[in-house]
Structure formats: structure tokens, C-alpha cells
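Chemist: The following block contains the structure, expressed as C-alpha cells.
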Amino acid sequence: MYQTNYHRAASIQEAVQMMGAATEGKYLSGGMTLIPTMRLRLAAPSDLVDLRRIAELKGIAVDGRSVRIGAATTHEEVATSSALRAICPSICGLAGHIGDPAVRHMGTIGGSIANNDPAADYPAAMLALDAVIVTDRREIKAAAFFTGLFETALEEGEIITAVRFDAPAKAAYQKFPNPASRYAMAGVFVARRDNGDVRVGVTGAGSSGVFRHPGLEAALSANWSPDAVANVTVDASDLLTDLHASAAYRANLVRVMTKRAVAAA
Amino acid sequence: MGVDGIGARVARKEDRRFLTGKGRYTDDMSVPGMKYAVFVRSPHAHATIAGIDATAARAMPGVIDVLDGRQLLADGIGNLICGWMIHSKDGSPMKMGAWRPLADKTVRYVGDAVAIVVADSVAEARDAAEAVVVDYDPLPAVTDPVQALADGQPQLHPEASNNLVFDWELGDGAAVDRALAAAAHVTELKIFNNRLSPNPMEPRATLGIYDAGDEHYTCYTTSQNPHLARLVMSAFYNVAPENKLRVIAPDVGGGFGSKIYIYPEEIVCLWASKRTGVPVKWTSDRTEAFLTDAHGRDHVSTVKMAFDAGNRITALKVDTIANLGAYMSLFSSCVPTYLYATLLSGQYDIPAIHANVRTVYTNTVPVDAYRGAGRPEATYLLERTMETAARELGLSPAELRRTNFIRSFPHQTPVIMNYDAGDYEASLNAAMAAADWNGFAARKAEAEGRGMKRGIGMSCYIEACGLAPSAAVGSLGAGVGLWESAEVKVNMVGTIEVMTGSHSHGQGHETTFAQLVADRLGLPIDSINIVHGDTDKVQMGMGTYGSRSGAVGMSAVAKALDKVEAKAKKIAAHLMEADESDIVIEDGVLKVAGTDKSVPWFQMALAAYTAHNLPPGLEPGLKESAFYDPANFTFPAGCYICEVEVDPETGRTKVVQFVAADDFGNIINPMIVEGQVHGGIAQGIGQALLEGVRYDDSGQLLTASYLDYAMPRADDLPSFVVSTSNTPCPNNPLGVKGCGEAGAIGSPPALINAITDAIGNNQLTMPATAEKVWAAAQAAN
């Protein structure tokens, strides 16, 4: 790791000030990707501004079916929230299967979403839940937030403060893990609203990051059952081929994970 | 058997230290004035070095010095060598290209060291290493061993035309061809044995200390064989004469073969310590471990097996290309030859065998022994072929094996080995019973109902351990003898220190070797210390690899104990005015048989050292040493049965049952043996399902971290069902055979045989990733 300066912000305002004073600063919100990257000397921020101790970024609020999760909420807190589990157990299940216990106690939902790793779990849920990403400057619909591999709509210095969504009638997440990293090789979050609207968020498989799949959504809107996806073609041409899996195999996994997610929802 | 003696499940003495964080590993060592080294490594798989400019790096904060390969050459430090000479079938010696500890003209793999930076801290050394400007002229690279042999490919070493290191054969090719022509059935297969990264928990590390006052060097290092390291560094690398070089391998956190070899870093840190005047420590990070630790396996083979009308094997023909990487590592030449082709008879009576092995340079890290070393490659090839043949012939896999088992011993194979003892059917029967083989059809039907494809596969392995008679291996090209040395020192009040040339890096020698002494003398195990891993403390040694520590290392201890007992009896007989032939040693007491006269062990020991009342002419003291050179290899064998369920929608394989029935001869500590088997099977399942080193065509390592190199984890593995049977080895005093590698040798074919059985498609290569299994299952439908 190159030398860096660590700052712990107590408020959003202080964090913004600290970032403004840094020559090449990075926000830190768990650091489960950033710290290993720095240790490998692949990233060299002059300053780290830690957001995890900012009180206003913490906590899970459930009001009826509306949910607000503070950006600095850890995966463990999401996984074990009984209020959340009562209305949206799928997000708890997703959080409970991110990384390992150490990662889940350090990593945060805001950090994960801001990083937008193409194999991260949360982005698929944000798309399928039609979530709103709340920042210190504005609110951004998830559909407009995730813009590419490790790319988001966040502007320079902008801080995610929370995510908001309404709990769906039914939802589930299924992932097929990469055997080495255990990140999703294909992860599918399905969510169905009372009005029959279905969204399918896919992570790990896309060549440009997380995406929704209109074909699967149409099939499931017409018939919410595992069998409904049997004849849906998942086009491999937009999917990722890498060391671990071909696009064709990922296309198969997307269909199978969707089917299993619907069965589990 | 006493409570701590042979056969007892004694808890490991060393675990208290390890589990409480009190282990002392090389990186824990610290000496006054010590500085830290970082190596500058090639980012290119193949390039010439036009120049190295370390001016800026030397001026950076904390930097003591930056040294490169030209200075190393000028100081007369020698090339790294391969210690086992193999001759090609045309009689020419293997083509050993120069391996400089720091490359001075050409780099040949990504990670090849070109310079060392010594600084006050690791961070400063890293910063400076990035500031060393190396002017590379990149050359084209080749990483695939088959491609590397073709015309027109990049050439790694001028000595080796078409990158061919040697073209070697074993066995009677003409007899094999005749049998193939006359065969009732021939099974043919193409076999890939995937390339593996060893991944010991502790990465390599070394601390080089030069004492200018005594002109003496001390090398702390992560070695499986410190005496061998000293020999090679002294005799070949010109670092220091043996009497001026102490090598210490303290606690070592796993080796699996990868810490047998002397790597550039030990040599360079010792040399750099003299050049800079400060002790120099280097510790590999995990990325460096992937890049520079010797890899294992990487074979491409074709096989033909001939059968007569009675389903008896009449011949085996094997053609193998083995990737050696960019340079010949210390034992790289013997792994795909005398540790591989000599095991191709397996458990079967095969009249004629011929193996042809070509070894190849490529722009990849050197390949050498890794848990099993040649024997997993032989076993995988043979047991995949047997399973395939059984399917082609319409026989059960057990029936085909039973038809061909060797049933009388000793048995001379057509490929050098003379098997001394075994009962292969006993292991097969034990494994089939433990696996409930006959109930498989019902389990398969039940799985079918859940949409899962269930399969079962077996593997009957043999291996050769206890390397080995020195004269025999010498005649086959070994540059060293393969004896072991031990010294038993009885202290003045009877406690015992055993100095052994074997080295424990996970095997539990501090327990099992002490059990041997406790068993022989009836002393409490806590009064016995096992000393290893230091050339100043241990007289001589050849180290630990090839499952040799029990068969060879403990046999040396047994021989030294014979001498200690003989002298102790003389002293006791004199004290009790009895005849020494009447003295027996039981429960820590020397007794006159048939009388109530006795002398406690501690009193005899004290008498040996007070020397007030010794038999006339007997030297004072009680310390005896022995060298043991085995009469033959040992031949552990067994049968492994694996049962899997494949999810046909994803291709994901779940190992639902794994049964191991092994014959390791006599067993010193069943708990430790089970642990060795468990670990070996885990590594074998890792090879079969998950692990595989991948380079891209330009020679960049794609699997350089655990994000991309899949290691087996607890949830990839079932609880293993293990058992042992026993045909004692007749060729060593303990009747032991060795158990360290069996799990890794026997398990991969059992797993692949099970998966191919489940999906109904025999075309599957390791690692059997979910995608490969899915595709193969699709193709079978």
C-alpha cells in the first residue's frame, strides 16, 4: 500500500470538507474492495475519508412497506434486521450471503452500490426493487444510477446517504457463485409487485454490469411461475466471457437462477 | 502398545504451539540491524534486458542498496541447477538452460527476478523497486507445452532446440506394439493433467545473515530439507562453503513439495547480506507465491491399453508431454520420468508397458514436484483408462480391476518397480462395503426424482514412497543419496532428544517420532523432544518429501535406538551384575528378566554420564547416531470411491460421499494418518473440481490471486469415510509405508470417474468446472 491519510468524518458536511481538502481523495465505506486494491498498489488515493461512523448514514427504517436503509449500514445489519425481514426477507437473504462474516461486518450497502462491481449482489436488488439512491445532493432512480462496469451516476464528491424502496409482494435472489471468489457468476433478483409488475435484475453476467432482462420480466409478468422462464431465450451476445465462464453458460445460468428465484420467492 | 506408543491416537504435541500463535516461522525471525528485501520482477514472459538503471531507486528514502544480476554474476554466484540427470533415448543428456538467480540478460517468465532492493522497511523497498528502471526488449512467448515443441515457436534456451529438454522412454516398445496389434480390445484416451499452484498456508520467506567476523552465513528459510539446501547452495551456487553456512528451517507452514527446492531468493538474500553488510529478510506476498512458487502437474498424454478376450490387460502404451516451465527446477526432471512412468503398472499385472515422455520449456514458472509428484499423473491416467475400458467392455469397474489385480508378491513390473507387499482386493472390498456400492442404484433413482444426476466412480491407486535406495536412484540419475540420518541423545537424567534430518511442516513428526521412542523405551512422551530443521543442531539429513519421513526418517531413528538400547543394557547389566542379554526395557525401567532386579531409565542414564561405575572399556555418555538407507521403495495402495450429484441445469457437482480404504502398512498414529488422508483428498478434489493455473498466450498469469484461482473450501467437501488395512512393509524396521500423498494421488480419478458416470459422457477434463460438466451433460443428451 502506498502512503495515504485516513480521516474519519462525523457528519456528511465534514466528509465533504475533508474530500474537498484532499488532492486525490476517496470515500471509504467498508473498504472491502478499495483496501485490497490499495494493498495491491492498484489504487493510490492521497486521502481516505471514512463515512462509516456518520450517524445520519446509519440504520434501517421501515414504515409500512417503505424501506430506507442508511448507506453506512453493514451487510450484517441488513441480513439480521427483523423489521426488514418481516416485509422484504429477500434483501436480508442477499445480504447474508455476501462474502464471508468478516466482509459482512465491514462492508456497507452504500459502499457496494457506489463501487458497482459487475458481480456485486446489491445492484441487482436495487434494479429489481426499483430503488431510489439518495445522495447528499439528489435522488437517483436505480435504473439511472448504474451506468457501467464500476461506473455510476455519482458526481465528483457526491455521497450516497441511503437507499429507498417499497417492499414488493414477492421477491427472491439466487446466485451461482464463482468457485474462486464466490462473487456472483450470475445472480438474479426477481421482484413482483401487487399490480403484477415484475422486475428482474441480473448481476455477474453482463458485459457492462448489472441489467434488467425484459424478456424474463415479460414472461413472468404474464405468468409468475418458475416454468414461465423455460422457453425464454437469454441472449448471450451481451453477456460476459471470462476466465471462469462463457457468455453462453452465463446465459443458461441467468435463466436457471431466475427460475429458482421465482420458486424461492 | 503404551498410551503414547505406536498405534496410539496421541494428540499432536506441536499443536499447542501452533494453535496459540506461538509458532516461530521464518518471517517471525528478527535479528539486530535486519533490513527488508523486495525483488524487482519481470512483467514480461520473455524479454531481453537491455539495461537496468537503479540510480533513482538508490536515492529513495530508506534504501540501503539495489543489486542486480550483473553484480551477482561478477561475484561468482552460480546457476540454479536440476539435481537429477535424465538422458534422452538417443543417449544425449537433458538440455539444462542457465537459470540465473537474478536474470542478467534474458527473462523467461512473468516473475523472473532481475534485482533486489534492500531498505529499512518493506514499504520503502517496494517504493524503490517500482523506481528501478529495467529496459526490456520483449520477445514472443509460448506457454502451451504442445505448441512449444512445434517448429517456429519462441525458443527459451539455446541448448534446447524446439524447447525439448529431453525425449525419454521406459519399457519395451516393440512388445507393447505387438500386444496392441494382437489385442481383442484397445481403449484409447487423451488425458490432460491440469497445472496446479501449491498454495501452502505460509508463503515462502528467507532471512540471510552474513557475519563478517567469522565469514559465516546463516540462512533462515521455508524449507522442507535444510541440509539439502545447504548442500546445493554450497556445492553449486557458490554462496559459501558448507562449514560456513548454517541453514535453519524453523516452523514451516506447509510445503506440498514447493519448499523442497532452493529458489533464487535464498541465494540472493545471503549474497545481498554480505554485499550490504546487513541481515536481509524477504517474505513472499501471495501474488509472488502464485507467480514464483514451483507449480505442479501440467501433462498432456495419450494412452492405449490393450486387452485380451478374457479382459486381461496385455499392454499399456503412453505418450506424455510434460511442461517444465522456463527453467529446470531442482527435481523437475525426475517427476515426469522415474516418479511417473515407473508407476504406470498401477495395481495391475501388465506384461508390457512403454512410456515416452518429452519435457518442454515454456514461458511459465518452473514446474516441479507437488504432493504426489508424478504418481498422481500416473494414477489419473491409469484409473481413467481402466474406468473407460470397463464401460467399453460392458464390465463393472470393480470386475475389470479384480480381473487384473496383482495377487502375488514380490511382483516385478515391466517398469522398474518391484512391489514388496499388498492386498489390493482387500482395499477394494473394504471401500465398496463402506461406500455401500450395492445400494448405489437405489440412491441414483432417488436422486433422479429430485432432478439430480448421481454417479459413482472408483480409483485403485498405488504409489511409491520412502524415496529410496541411494544406489538405485543414483543409477537412475539422482545427484544425491536418499538415506536419512538420526541421532538419539539421552540426557544425563534420562530425557531424550532426537535429532532427525526429516523436517516437519505439518506432518506431526514431533509427535509420531516421539511415539516411536516412547514405545521402545516406555518413557512418557513429554520427556522426548524431536529436534529438526537446523543444520547446526542436526548432524545430517535429506529432508521430507515423497512420504519418506516415516519409512526412512523414522527407520533411522529406530536404528539409532537399537544402538542406544544396546549400550543402555550394557550399563544396566553392569549396575545389576547381570548378563546384558537378560536385560529387558519396559515402562522406563531396565529389568533383569525373570527377577525383581531393575534399574530405572534415569538412573542408568545418570550412570552413563557420571561414569563412576561403567563396564570396563565402555565410553561414558549415551548418544548414538545412525544412517538408514532403504532397501526398496515402499508401496502404499488403496481404493477410493467417490459419489457425486450433478445438477444438470448448472453442471454444479456436489461430492456427496468419499470413501478411502488405504493400506499404509503399520500405522504410528491413526489420527495423524487420517488427517494426512483428509488433507490429501481435499487437494485431490481441488485438482479435480476447482484448481487450474491459467496463463494467457502472452504468458501473463491469469490466476494470480484467490479471486481467480479456486481452492477447495470446507463446503466443497463431504465428511470423508476413511479406513485402513495393513500389509506391513517388509523392507523397513517399522513396517510403515507412508501416507502423506495418497489422498492427492488416489482421489482425482475417482471423482472424474463419478462425474462422467453421472452425466453419461466420458469426455471431461480437470478441473471439472460447472460449465464443463454442464456442457458435457448437454452433449450427452
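Chemist: Take the alpha carbon atoms of segment B:365-414, find their center, do the same for segment B:598-618, and report the distance between the two centers in whole angstrom.
Modeler: 55
Chemist: If you look at just the Cα atoms of segment A:59-166, how large are its Rg and its Dmax in Å?
Modeler: 12.7, 37
Chemist: Follow-up question, since we're still on this one. Computed over the Cα atoms, what is the radius of gyration of segment A:170-264 divided by 2.2 N^0.38 Å, N being its residue count? Don't skip to the end; give the middle numbers.
Modeler: Details: Rg = 12.4 Å, N = 95, 2.2 N^0.38 = 12.4 Å.
Cα Rg divided by the expected 2.2 N^0.38 Å: 1.00.
Chemist: What is the fewest-to-most order of B:Cys465, A:Cys88 by other Cβ atoms lying within 10 Å of their Cβ?
Modeler: Numbers: B:Cys465 29, A:Cys88 24.
Exposure proxy ranking, most exposed first: A:Cys88, B:Cys465.
Chemist: Using a cut-off of 16 Å between alpha-carbon atoms, which aspartates and glutamates can reach B:Lys737, once sequence neighbours fewer than 8 places away in the same chain are excluded?
Modeler: Within the straight-line limit of under 16 Å, B:Lys737 reaches these aspartates and glutamates: B:Asp420, B:Asp423, B:Glu463, B:Glu484, B:Asp629, B:Asp662, B:Asp663, B:Glu674.
Chemist: So how do B:Ile672, B:Ile641 line up by other beta-carbon neighbours within 10 Å, fewest first?
Modeler: Numbers: B:Ile672 22, B:Ile641 29.
Least crowded to most crowded, the residues run B:Ile672, B:Ile641.
Chemist: Can you tell me the relative contact order of chain A? Whole percent, Cα pairs under 8 Å, sequence separation 6 or more.
Modeler: Working: 603 pairs, mean separation 39.1, N = 265.
Worked out over chain A, it gives 15 percent.
Chemist: Order by neighbour count: B:Cys739, B:Cys82, fewest other Cβ atoms within 10 Å first, most last.
Modeler: Details: B:Cys739 28, B:Cys82 24.
Final ranking by Cβ density, sparse to dense: B:Cys82, B:Cys739.
Chemist: Which of the helices in chain A, when you take each full DSSP H run, stretch at least 20 Å along the axis at their Cα atoms and have an average Kyte-Doolittle score of 0.0 or higher?
Modeler: Once both thresholds are applied, what remains is A:247-264.
Chemist: Relative contact order, percent, of segment A:5-50 when contacts are C-alpha pairs under 8 Å separated by at least 6 residues? Can you show the working numbers first?
Modeler: Values: 55 pairs, mean separation 25.3, N = 46.
Relative contact order, segment A:5-50: 55 percent.
Chemist: What is the ratio of the Cα radius of gyration of the protein assembly as shown to 2.2 N^0.38 Å, with N the residue count, to two decimals? Walk me through the numbers on the way to the answer.
Modeler: Values: Rg = 31.6 Å, N = 1046, 2.2 N^0.38 = 30.9 Å.
My calculation over the Cα atoms of the protein assembly as shown gives 1.02.
Chemist: Something else: Under unit Cβ charges (Lys, Arg +1; Asp, Glu -1), what dipole magnitude, rounded to 20 debye, does segment A:59-166 have relative to its Cα centre?
Modeler: Details: 8 positive and 14 negative charges, 70 e Å.
With Lys and Arg at +1 and Asp and Glu at -1, about 340 debye.
Chemist: Checking understanding here: applying a Kyte-Doolittle mean of at least -0.5 and a length along the axis of at least 24 Å (C-alpha), which whole DSSP H helices in chain B pass?
Modeler: On the way: long enough: B:375-393 (26 Å, -0.73); B:555-576 (31 Å, 0.20); B:742-759 (27 Å, 1.02).
The qualifying helices are B:555-576, B:742-759.
Chemist: Starting from the Cα gyration tensor of segment B:21-108, take the square roots of the eigenvalues, sort them a ≥ b ≥ c, and report rounded, prolate or oblate (rounded when a/c is under 1.5, otherwise prolate if a/b is larger than b/c, else oblate). Walk me through the numbers on the way to the answer.
Modeler: On the way: a/c = 2.67, a/b = 1.43, b/c = 1.87.
It comes out oblate by the Cα gyration axes.
Chemist: Could you state the number of Å between the C-alpha centres of segment B:116-150 and segment B:254-311?
Modeler: About 17 Å separates the Cα centre of segment B:254-311 from the one of segment B:116-150.
Chemist: Going down the list B:Lys244/B:Lys274; B:Lys537/B:Lys623; B:Lys570/B:Lys623; A:Lys26/A:Lys175, which pairs span over 18 Å between their C-alpha atoms? Intermediate values should be presented prior to the final figure.
Modeler: On the way: B:Lys244/B:Lys274 13 Å; B:Lys537/B:Lys623 14 Å; B:Lys570/B:Lys623 14 Å; A:Lys26/A:Lys175 30 Å.
From B:Lys244/B:Lys274; B:Lys537/B:Lys623; B:Lys570/B:Lys623; A:Lys26/A:Lys175, over 18 Å: A:Lys26/A:Lys175.
Chemist: Given Cβ point charges of +1 (Lys, Arg) and -1 (Asp, Glu) and nothing else, what value in debye, to the nearest 20, does the dipole of segment A:170-264 about its Cα centre take? Don't skip to the end; give the middle numbers.
Modeler: Details: 11 positive and 7 negative charges, 60 e Å.
That gives segment A:170-264 a dipole magnitude of about 300 debye.
Chemist: Additional query: If you place +1 on the Cβ of every Lys and Arg, -1 on the Cβ of every Asp and Glu, and leave all else neutral, what size is the dipole of the protein assembly as shown about its Cα centre, to the nearest 20 Debye? Mind showing how you got there, number by number?
Modeler: On the way: 90 positive and 116 negative charges, 273 e Å.
That gives the protein assembly as shown a dipole magnitude of about 1320 debye.
Chemist: Follow-up question, since we're still on this one. Could you give P(r) for chain A, binned at 10 Å from zero, as whole percent values over all Cα-Cα pairs?
Modeler: 7, 31, 36, 19, 6, 1
Chemist: Here's a follow-up. Take the alpha-carbon centre of segment B:1-74, take the same for segment B:528-581, and report the distance between them in whole Å.
Modeler: 33
Chemist: Using a Cα-Cα cut-off of under 19 Å, which lysines could be cross-linked to B:Lys22, ignoring same-chain neighbours fewer than 8 residues away?
Modeler: B:Lys13
Chemist: Towards the positive end of the charge dipole of the protein assembly as shown, with charges on Cβ (+1 Lys, Arg; -1 Asp, Glu), say which of B:Ile667, B:Pro145, A:Val78 has the farthest Cα.
Modeler: Checking the options against the dipole of the protein assembly as shown, the answer is A:Val78.
Chemist: Let a ≥ b ≥ c be the square roots of the eigenvalues of the Cα gyration tensor of segment B:706-781; is it rounded (a/c under 1.5), or, if not, prolate (a/b larger than b/c) or oblate? Walk me through the numbers on the way to the answer.
Modeler: Numbers: a/c = 3.04, a/b = 2.04, b/c = 1.49.
Here segment B:706-781 falls in the prolate category.
Chemist: According to the square roots a ≥ b ≥ c of the eigenvalues of the Cα gyration tensor, what is the shape class of chain B, taking rounded for a/c under 1.5, prolate for a/b larger than b/c otherwise, and oblate for the remainder? Provide the component values of the computation, followed by the final result.
Modeler: Details: a/c = 1.76, a/b = 1.07, b/c = 1.64.
Verdict is oblate for chain B.
Chemist: Of A:Ala143, A:Leu216, A:Leu240, whose Cα points farthest to the positive end of the dipole of segment A:143-262 (charges on the beta-carbon: +1 Lys, Arg; -1 Asp, Glu; origin at the Cα centre)?
Modeler: My answer, from the dipole projection, is A:Leu216.
Every read-out reported here was derived from the displayed coordinates using simple, explicitly stated rules and does not represent laboratory data. All of these numbers come straight from a predicted model, not from anything done at the bench. Positions of Cβ are generated from backbone atoms using ideal geometry, with glycine treated the same way; all protein chains shown enter the neighbour counts.
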